[in-house]
Amino acid sequence: MKKKKTNLGKRVHVYSSLQEMETQFAKDVETLGKEFTDIAEEYFDMRNPWDQSVMVAILTNMLAFVEVQAELDGDSLEKSMKEVYEMNLEDYRKQAKTNIGKIK
């Protein structure tokens, strides 16, 4: 994969404003999120229980790894991960309701 311009891997970030930081964060999430989504769509049928289970195993392992790395830095991401999960879960439920009956 060709590395796209993100601020990933930098330990120190310098921004001129909170808005600039938020914009870069959203860009980093979108850039890499698109790559993860492309892989998921290529390899997984998310309506298949087997594929769902494999995806859940991968994601929970990744989340546990990230949490342990944060703890090594004296941080905890568990609460914020749960909050972001709940927010995204609600958004996806709303999308699912509007897409019921539509063929993709």
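Quick notes on this structure:
- Close pairs (7 angstrom Cβ cut-off, 6 or more residues apart or separate chains): under 21 Å from Ala40 (Cβ atoms) in the range 59-77, in a helix (DSSP H, G or I) anywhere: Leu63/Met81
- Among the residues of the range 32-46, those that are among the acidic types (Asp, Glu) and either touching a helix residue (DSSP H, G or I) at 6+ places or on another chain (Cβ under 7 Å) or under 19 Å from Lys5 (Cβ atoms) (or both) comprise Glu35, Asp38, Asp45.
Where a number appears in this text, it was derived from the coordinates with a stated rule and is not lab data. Remember, predicted model here, so these are calculated numbers, not experimental data. Because the Cβ atoms are built from the backbone with ideal geometry, glycine has one as well, and the counts that use them run over all protein chains shown.
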